[in-house]
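Written below as structure tokens is the structure these notes are about.
The values are calculated or read from the model by the stated rules, or taken from the named source; none is laboratory data. Note that the coordinates shown come from a computational prediction; the quantities given were computed from them, not determined experimentally. Note: ideal-geometry Cβ built from the backbone for every residue, glycine included; neighbour counts use all protein chains shown.
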Amino acid sequence: MTTFFTKLLITIIITLIILIIMKSSSSFKNEFYKRVYGTNISFTNIKKLYNKYIGDADILDSVIKTEKVFNEKLSYNSSEKYLDGVKLDIDSNYLVPVKESGIVVFIGEKEGYNNTVIIQRIDGIDEWYGNIENVNVKLYDYVKKGTLLGEASDSLYLVYKKDGNILEFEEYLN
């Protein structure tokens, strides 16, 4: 428990230092805003830095005990190439599981994909889930592999991107 409070204290101190520097230096504040709000934040890199200098970022797992209620694997009837990814033929009212752990970085409409949820996986790959209804996650939630993402009817679209480049879906589908 002592290590938890030490990590918490270090995080608070770093945050306060950044806020003080932002208050006193407008150039730092502008650069900070440009990097945080102007570009896609790589939560993977932040987690790597946190793990390197402070320790494991999953410190709440040891404090809060939870039990999974929904732990499924992705299943589908058939697949075909669609725009930048793949279209999966699924059963009606299919409960969509998260394929890999990560942070929800986008929820909204994407042209050709309907309502879309994008998860930035721990390995830095952006995984798009298209045609999602009844979304069960919120923006910036950390979601674990196998948890319920939402519901889809008849088809589910998946796209994989890293650093803005489209990846071949075959490698990630199974």
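Considering only region 112-126, I want to know if a residue exists there that is free of Cβ contacts under 8 Å to residues at least 60 places away in the same chain, polar (S, T, N, Q) and either surrounded by fewer than 19 Cβ atoms within 10 Å (Cβ to Cβ) or not assigned by TED's automatic domain parsing to the domain that holds residue 167 (or both). Among the residues of region 112-126, at least one is free of Cβ contacts under 8 Å to residues at least 60 places away in the same chain, polar (S, T, N, Q) and either surrounded by fewer than 19 Cβ atoms within 10 Å (Cβ to Cβ) or not assigned by TED's automatic domain parsing to the domain that holds residue 167 (or both), which makes the answer yes. For region 148-174, the set of residues classified as in a strand (DSSP E or B) and farther than 21 Å from residue 46 by Cα consists of 148, 149, 150, 151, 152, 155, 156, 157, 158, 159, 166, listed by residue number. Looking only at residues of region 127-142 that are in contact (Cβ under 8 Å) with a residue 24 or more places away in the chain and outside any strand (DSSP E or B), we find that the one that is farthest from residue 92 (Cα to Cα) is 140. Evaluation of residue 145 against the conditions (1) part of a loop (DSSP other than H, G, I, E, B); (2) under 14 Å from residue 105 (Cβ atoms) shows that the sole unmet condition is (2).
Helices (runs of 4 or more DSSP H) wholly in region 11-125 with at least 3 residues that are at pLDDT 85 or above and over 18 Å from residue 147 (Cα atoms) - which ones?
26-37
Condition check ((1) in contact with a Lys or Arg (Cβ under 9 Å, 6 or more places away or on another chain); (2) not aliphatic (A, V, I, L, M)) across all residues:
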position: 75; (1), (2): no, yes
position: 82; (1), (2): no, yes
position: 90; (1), (2): no, no
position: 99; (1), (2): yes, yes
position: 122; (1), (2): yes, no
position: 145; (1), (2): yes, yes
position: 158; (1), (2): yes, no
